1. Under 7 Å between Cβ atoms, which residue pairs at least 6 apart in sequence (or on different chains) link something in segment 296-316 that is at pLDDT below 95 with a partner that is buried (at least 23 other Cβ atoms within 10 Å of the Cβ)?
2. Looking only at segment 39-46, decide whether some residue is in contact with a helix residue (DSSP H, G or I) (Cβ under 8 Å, 6 or more places away or on another chain), buried (at least 18 other Cβ atoms within 10 Å of the Cβ), at pLDDT 95 or above and farther than 28 Å from residue 174 by Cα.
3. Among the residues of segment 155-187, which ones are touching a helix residue (DSSP H, G or I) at 6+ places or on another chain (Cβ under 7 Å) and outside any loop (DSSP other than H, G, I, E, B)?
4. Residue check: is residue 208 touching a helix residue (DSSP H, G or I) at 6+ places or on another chain (Cβ under 9 Å) and in a helix (DSSP H, G or I)?
5. I need the full set of residues from segment 317-329 which are touching a residue at least 40 places away in the same chain (Cβ under 8 Å), part of a loop (DSSP other than H, G, I, E, B) and closer than 12 Å to residue 262 by Cβ, in order please.
6. Anything in segment 80-108 that is closer than 24 Å to residue 136 by Cβ and without any contact (Cβ under 8 Å) to a residue 12 or more places away in the chain? List them, or say none.
7. Among the residues of segment 221-248, count how many are in contact (Cβ under 8 Å) with a residue 12 or more places away in the chain and either in a helix (DSSP H, G or I) or more than 30 Å from residue 304 (Cα to Cα) (or both).
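The values are calculated or read from the model by the stated rules, or taken from the named source; none is laboratory data. Note that the coordinates shown come from a computational prediction; the quantities given were computed from them, not determined experimentally. Because the Cβ atoms are built from the backbone with ideal geometry, glycine has one as well, and the counts that use them run over all protein chains shown.
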């Protein structure tokens, strides 16, 4: 890498860091009084509407390890105690176990993990255990796969890494570590603003495919600048997740579009845990992806011998068709239906319905998996076919202020990663002891702490 290229990457990363961090600093994180004990559980509408509670009649994810490649997961959050069983830091800036929260959105990994595998917690002062259920307690958040295990793989993306390790190095190392340490599902709620990916990633994603691991990735958010799906969600074989609004239709703000989308899941009015024990309401495909990854874990727990391609086929084949008939660039194969994915009879697929990275490499790299080639600085052909121009669903257009929130900086084919919730948080509300009287906060595009959690 030339000195000029290195200077460019440092400058561009710093610009992106200021853009994303500036949003959070402008709004701040405001603590609010703790909500009623079961308020968090009551807000998890996706558990019922996506068929997850019915799917629990079949499986709760026991015995399945899910790697969360993200900003680090706080294993001491009350709803994650006992859920995080391993981890690793690939950034060089975190702790060896991957549990230190890093980067411009340090809370992001914990938000994702609580949606994916939260176990809830006992109410303060409880003297007796409640009737056994799918979680460790009746309060707080319960994840889609509450009996699964989390592997926290921490990364530093979206701004200049103080340890100096690049995006291009962190992502493939994270994928390989997850595979080698027993992950059967990998969740990547991270993305870029370009469909291309470095050739150096090919081998890692091929390795995951060969080792029969399901990779789930977020599609990105229009409000954050992702007008189309970006890598790694464009990599063949990856189950890419689009976002739905509260009405169950394709979200204008908190989703993207592209031919690689496999399925759509809730992405607005979400709740997640914060490092230190609190909660925040948030939005984005970063939250939709772990809902789908959790369903993949339920399937892998029920049928441990089922191949990754059949797990993905089961999820997309049972999705409820939405938008134009058949697969489309807004919903993919349709809206997630967890109950059907766990209960329906689904014919086996001859191949992964979302493609194969091995096949793609044979065509586009001519089977060459030698030394990783640097990402070229000149214009190159897209790694995916030209995307169609579908009609974006009729809904409120983003405000000028929302649209002005910085997107990822991409010059040539240099990829700068962002935690793709980024600026996609829509409207966050402060929780009070009377949720019905909660006052709406201004549309800041930043996180709002809604509950101080279980810590006194």
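1. none
2. yes
3. 168, 171, 172, 175, 176, 179, 185, 186, 187, listed by residue number.
4. Yes; evaluated as a whole, the condition is true for this residue.
5. Residues satisfying the conditions are 319, 329.
6. If the condition is that a residue be closer than 24 Å to residue 136 by Cβ and without any contact (Cβ under 8 Å) to a residue 12 or more places away in the chain, then no residue fits.
7. The total comes to 13.
Per-residue answers, yes or no, for (1) closer than 24 Å to residue 83 by Cβ; (2) surrounded by 24 or more Cβ atoms within 10 Å (Cβ to Cβ):
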site: 270; (1), (2): yes, yes
site: 277; (1), (2): yes, no
site: 305; (1), (2): no, no
site: 308; (1), (2): yes, no
site: 320; (1), (2): no, no
site: 340; (1), (2): no, no
